[in-house]
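Comments concern the structure below.
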């Protein structure tokens, strides 16, 4: 049913910009059914991966410059060809950064680019002496960025790939040297594993603090703390690209009666189930928040008013279609608004309009979507089910 109800909204144009703030867009919606993968279990992992990838990109460029400078200095001894693998790695990372928001599982693309960088080091090692090459130590550098972006299972996989590559290139180029002097391989391997262990410990600390700061512990959705920064980013992006931003405010109908009649434990279960229903209806780059009590907010980058109303209708139908909290039927009311094309997204103004529309939906009988021109709302259901 979810696919049949999906409004057709393309990812916004700014997602191809290397400066885009893309992390939280996936955190809100990556749930067990739609965007989960072996590398990334859920929204928090993917949000962190994309956010850290954005932060790592400029630092990676600086590290490439340092490596390039070292290769230039060592050119008379190693040869100038050593700059070629570095240039190839830079191009591959650039292509991955530009394509990451156009794929449903960006973790595979980023991991492939990371693996390609290790293969470039293999090339450098193979052409500069194999196990006796000073470039063997460089295998440890990408391990740091691996831990910065991927959870433990990704680090283990990347470390295993690296160890296999180090052993293969060492024995493949000069097995006699490795057998005669095992430290040529053992020492770089120890360095690589040690870097993985240390960086993974830092990664776990970052994950714990990030989760406590921006994730609602009951529902797993983003919370109000993470909303302010994202709305500022969307304002800048919409001003630069001219793309609209849609906003939906939703509120569970008669939720107080659920708590009063069935208890707060059941009320919590209802909120958890509704949050799951909302997330699984959304696109992979939408942003969903629990902003207090039974109230939720969704930001839709690239969506105009008609598309926003269609998405709200989809959410309304999704919540009403199933039972929650152990067998209860609930409904939600929604208010919608959206910025105009070629106009910067003004969160306060758009949110105020959506709040007013939500009040109108409550006043007119609940279980409804309100906001915007009558024509947009009249066509919303048709778009949602078309």
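The values are calculated or read from the model by the stated rules, or taken from the named source; none is laboratory data. Bear in mind that the values here come from a model prediction, so they are computed numbers and not experimental data. Note that each Cβ is placed from the backbone with ideal geometry, even for glycine, and that neighbours are counted across all protein chains shown.
Overview of results
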| read-out | value |
| --- | --- |
| The stretch 50-78 - residue that is within 21 Å of the chain's Cα centre (by Cα) and surrounded by 14 or more Cβ atoms within 10 Å (Cβ to Cβ) and, of those, nearest to residue 125 (Cα to Cα) | 60 |
| Options 103, 193; residue that is surrounded by fewer than 19 Cβ atoms within 10 Å (Cβ to Cβ), within 30 Å of residue 282 (Cβ to Cβ) and touching a helix residue (DSSP H, G or I) at 6+ places or on another chain (Cβ under 9 Å) | 103 |
| Yes/no for residue 358 being surrounded by 14 or more Cβ atoms within 10 Å (Cβ to Cβ), at pLDDT 95 or above and in a strand (DSSP E or B) | no |
| Residue satisfying condition, being assigned to a helix (DSSP H, G or I), modelled with pLDDT of 85 or more and exposed (fewer than 13 other Cβ atoms within 10 Å of the Cβ), within set 228, 175, 201, 213 | 175 |
| Which numbered condition residue 228 misses (of (1) in the same structural domain as residue 365 (by TED's automatic domain parsing); (2) under 30 Å from residue 330 (Cα atoms); (3) touching a helix residue (DSSP H, G or I) at 6+ places or on another chain (Cβ under 6 Å)) | (3) |
| Which numbered condition residue 284 misses (of (1) in a helix (DSSP H, G or I); (2) in the same structural domain as residue 337 (by TED's automatic domain parsing); (3) at pLDDT below 85) | (1) |
| Residue within the stretch 363-372 that is surrounded by fewer than 24 Cβ atoms within 10 Å (Cβ to Cβ), modelled with pLDDT of 90 or more and assigned to a helix (DSSP H, G or I) present | yes |
| So residue 155, is it surrounded by fewer than 22 Cβ atoms within 10 Å (Cβ to Cβ) and free of Cβ contacts under 8 Å to residues at least 40 places away in the same chain | no |
| Elements of type helices (runs of 4 or more DSSP H) contained in the stretch 38-134, each with 1 or more residues being closer than 13 Å to residue 145 by Cβ | 43-73, 83-99, 106-127 |
| Positions within the stretch 287-323 being within 18 Å of residue 352 (Cβ to Cβ), out of contact with any helix residue (DSSP H, G or I) (no Cβ under 8 Å at 6 or more places or on another chain) and part of a helix (DSSP H, G or I), in sequence order | 308 |
| Residue check, residue 326 more than 16 Å from residue 311 (Cα to Cα), in contact with a helix residue (DSSP H, G or I) (Cβ under 8 Å, 6 or more places away or on another chain) and either crowded, with 24+ Cβ neighbours inside 10 Å or in contact (Cβ under 8 Å) with a residue 40 or more places away in the chain (or both) | yes |
| Residue check, residue 252 more than 29 Å from residue 154 (Cβ to Cβ) and modelled with pLDDT of 95 or more | yes |
